[in-house]
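Visitor: Dropping the structure in here first, questions after.
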Amino acid sequence: MSESVDPSSKSIESGLQESRLFEPASASSLGMDHWHISSIEQYRELHERSIQDPAGFWGEVASNMHWFEPWTSVLEWTPPDARWFVGGKTNVCDNCVDRQVRDGHGDRVALIWEAEPVDKAGNVEIRKLTYLQLQEQTARFASVLRSLGVTRGDVVTIYMGMVPELAIAMLACARIGAPHSIIFGGFSSQAITDRVQDAKSKVIVTCDGAWRRGKIVPLKDNVDAACEKLATAGDAVEHVVVFKRCENDISWNQSIDRDWATLMAEASDDCPCEAMDSEDMLFLLYTSGSTGKPKGIVHTTGGYMVYTAYTSGLSFNLISDSDQVFWCTADIGWITGHSYIIYGILPLRVPTLMYEGAPNFPEADRFWDIVQRHRVTQFYTAPTAIRAFMKWGSEHPEKHDLSSLKVLGTVGEPINPEAWMWYHRVIGKERCPIVDTWWQTETGGHMITPLPGATPTTPGSCALPMIGIDAAVLDENGNELGANQGGLLAIRKPWPAMLRGIHGDRERFIDTYWSAFGAEDSSVSPFYLAGDSARRDDNGYFWIMGRIDDVINVSGHRLGTMEVESALVSHQAVVEAAVVGMPHEIKGTGIAAFVTLAPASTPSDPSALEELKVSLSSHVANEIGAIAKPDQIRFTDALPKTRSGKIMRRLLRAIASGEGQSNQDTTTLEDFSVLAKLQDDSE
Ligand code: WT7
């Protein structure tokens, strides 16, 4: 645990004293037929029931999905292992796609895609796929995967831009029971190498390139570099399927590269959904933790499917076959995209919108242009984006008709009340409820969130637990804390979409999530530790305070400080590095790196030092991805350490945020001169 938050300290009382409360609007005032949950009393009643009788409650919810064979028991729970809908057989792709066609909805639009490029006349490419078309494409690509030798249980790596083929590829995997491991297109070739190796994946699906702010991201080049490293390591990839999106120049390796279009043209569209066991793996998704090595979070079939569809419906008030259009602006490479662009939304028959590119291309009003063009009704984005919109100016949204909007969502990090209020006024025109959804890659779906027709909202608070979720703020012994006491955010009961493990690392799974509140006779705690600190206010509303581990949240994306440190240290000029978070206007948290150079590699003149900073930055981008680039690099002769050799991050954080050391306890500091030097340099 890092020193940033001491949960036992009584002194952690809120600095924020936000008390504005916004009552939910009536459904009719937003042109909606109804709210699924329309009062706080109804929420409380349902929540109470779901906690008292989880089996009865989740059994009912799950029967809305299609099962090839019913489950024999709803839940088997031996901490930390949960099995949901035990013995049930289903298929997630079937519920997202085929089932809709069977039920007569084949002609309804399932997916709306908008490309990034805009031509001189202002035209953009838009593709709409009906459920029938999605079924046909998905089945075809499933046949392609089969023809490449992929069978149930084989992990398929997907590294693509935001194109419909990405959705098709993931659904095709689900169709044949091959877990996918999707890697965000912003990650580097090294990140691909590590993940492919960890997952023992033999097939990669990629694109030649991806459009981003008018430029092409060379995805295939990155895959090529990864494949080379993998081959050298004896973990050669067998097939790389390339969807040509940008027609950029790529090299072609006859022995492993396969062309998407050619394969699809030859493939059969007759490839039925496999009946998967409820607990079969649906996907792996890598996320950062407090060590240098990302962890492959394991999600399984039945519980994840049930929970994402249920929470999609409730949090956003999605109504099937109505005039709604749902838009989540995340990339599918993150859990938000998995759960709330694809898996949770498609079963509900509300068209899900996928946008290919950047929010400010060609102009800063692109998102609002899209909202207007497609009459988006539910809009889900991140605080970092909202802060960028604020900075770009209200004139951009004000140019567009946003009257179609009904519910606004936010996710990824705590939203500052100023950004919340801007979202409320400028985008929601004070009509639309805002749902601030707290959850994680590990939780699979929303855990703490207002429900738009039921929960009064307070800017900055994610309000109350989702139905079925027993969230609490605990001390380190697992005792619940009182109002306004900061502590550990924990989930005390299993839920259907919870992670089932870390791929290949049982010990890390238990250590990270299930060891904080160990019962006396065992080291496994019955409660899930989220890794966040939080408090509840006098209304019982949750306020997320920050991470308790060495993880920072940059623009709503998790990064391990150790990961960035390892990347820096792998540069030949660096002997030691310490990375901490620092406040950042747009990103929420930025990255500050304190770096000790090898004497022989220490340039003497200032311009060479500046150049070295640039080269360290691009080195980190190469090792991890551009999101991990430090916002600030400081060179130092040594790092401040405790007597036991632990880097004093608390001090570095204070320096990086410009707070200075005056109010920091330095009694365990090894070398005061080091601190004095760092301070001098920062002035
Ligand atoms: C961490 C999870 C879940 C999708 C995006 C991030 C932070 C997430 C909120 C929120 C305050 C939030 C937490 C959490 N976080 N949503 N609404 N309010 N903090 O997924 O990369 O798994 O990160 O993001 O710190 O632990 P992730």
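The values are calculated or read from the model by the stated rules, or taken from the named source; none is laboratory data. Keep in mind the model is a prediction, meaning the values are calculated, not measured. Here Cβ is always computed from backbone atoms with ideal geometry, including for glycine, and neighbour counts include all displayed protein chains.
Visitor: Taking region 598-616 as the region of interest, how many residues are under 23 Å from residue 559 (Cα atoms), touching a strand residue (DSSP E or B) at 6+ places or on another chain (Cβ under 7 Å) and not basic (Lys, Arg)?
Guide: Selection size over region 598-616: 1.
Visitor: I need every pair where a residue in region 16-39 that is among the basic types (Lys, Arg) has its Cβ under 6 Å from the Cβ of a residue that is surrounded by fewer than 18 Cβ atoms within 10 Å (Cβ to Cβ), sequence separation at least 6 or different chains.
Guide: Hits for this filter: zero, empty list.
Visitor: Filter region 555-596 down to the residues that are over 27 Å from the mean Cα position of the chain (by Cα), crowded, with 24+ Cβ neighbours inside 10 Å and of a type in the set (Val, Ile, Thr) and list them by number.
Guide: 595, the sole residue that qualifies.
Visitor: Look through 170, 160 and report the one residue that is closer than 28 Å to residue 554 by Cβ and in contact with a Leu (Cβ under 6 Å, 6 or more places away or on another chain).
Guide: That would be 160, the only listed residue that is closer than 28 Å to residue 554 by Cβ and in contact with a Leu (Cβ under 6 Å, 6 or more places away or on another chain).
Visitor: Give just the number: which of (1) crowded, with 22+ Cβ neighbours inside 10 Å; (2) more than 14 Å from the chain's Cα centre (by Cα) does residue 275 not satisfy?
Guide: In the conditions (1) crowded, with 22+ Cβ neighbours inside 10 Å; (2) more than 14 Å from the chain's Cα centre (by Cα), residue 275 misses (1) alone.
Visitor: Sort through 194, 198 and tell me the only one that's in contact with a His (Cβ under 9 Å, 6 or more places away or on another chain), under 19 Å from residue 237 (Cβ atoms) and at pLDDT 95 or above.
Guide: 198
Visitor: Quick test for you: out of 441, 381, pick the one residue that is farther than 30 Å from residue 106 by Cα and touching a helix residue (DSSP H, G or I) at 6+ places or on another chain (Cβ under 9 Å).
Guide: 441
Visitor: For the condition part of a helix (DSSP H, G or I), in contact (Cβ under 8 Å) with a residue 60 or more places away in the chain and more than 21 Å from the chain's Cα centre (by Cα), what is the one hit in 103, 94?
Guide: 94
Visitor: Here is a follow-up. Of the numbered conditions (1) modelled with pLDDT under 95; (2) assigned to a helix (DSSP H, G or I), residue 122 satisfies every one except a single condition; which is it?
Guide: It is condition (2) that residue 122 fails.
Visitor: If residue 507 satisfies all but one of (1) part of a loop (DSSP other than H, G, I, E, B); (2) away from the ligand (no atom under 15 Å from the Cβ), what's the number of the condition it fails?
Guide: Of the numbered conditions (1) part of a loop (DSSP other than H, G, I, E, B); (2) away from the ligand (no atom under 15 Å from the Cβ), the odd one out for residue 507 is (1).
Visitor: From 472, 463, 419, grab the single residue that is under 27 Å from residue 38 (Cβ atoms) and without any contact (Cβ under 8 Å) to a residue 60 or more places away in the chain.
Guide: So the residue among 472, 463, 419 that is under 27 Å from residue 38 (Cβ atoms) and without any contact (Cβ under 8 Å) to a residue 60 or more places away in the chain is 472.
Visitor: Related question: Take region 120-136 and flag every residue that is out of contact with any Asp or Glu (no Cβ under 9 Å at 6 or more places or on another chain) and either under 24 Å from residue 180 (Cα atoms) or not polar (S, T, N, Q) (or both).
Guide: 120, 121, 122, 128, 129, 133, 134
Visitor: Would you pick out the residues in region 525-554 that are away from the ligand (no atom under 16 Å from the Cβ) and either within 20 Å of residue 583 (Cβ to Cβ) or surrounded by 16 or more Cβ atoms within 10 Å (Cβ to Cβ) (or both)?
Guide: If the condition is that a residue be away from the ligand (no atom under 16 Å from the Cβ) and either within 20 Å of residue 583 (Cβ to Cβ) or surrounded by 16 or more Cβ atoms within 10 Å (Cβ to Cβ) (or both), then 525, 526 are the ones that fit.
Visitor: Only one of these is more than 24 Å from the chain's Cα centre (by Cα) and within 16 Å of the ligand (Cβ to nearest atom): 482, 501, 486. Name it.
Guide: The unique qualifying residue is 486.
Visitor: Out of 534, 578, 516, I need the residue that is touching a residue at least 40 places away in the same chain (Cβ under 8 Å), in a strand (DSSP E or B), farther than 26 Å from residue 337 by Cα and not polar (S, T, N, Q). Which one?
Guide: Exactly one of 534, 578, 516 is touching a residue at least 40 places away in the same chain (Cβ under 8 Å), in a strand (DSSP E or B), farther than 26 Å from residue 337 by Cα and not polar (S, T, N, Q), namely 578.
Visitor: Which helices (runs of 4 or more DSSP H) sit wholly inside region 378-470 and have at least 1 residues that are within 16 Å of the ligand (Cβ to nearest atom) and of a type outside the set (A, V, I, L, M)?
Guide: Result: 383-392, 417-422.
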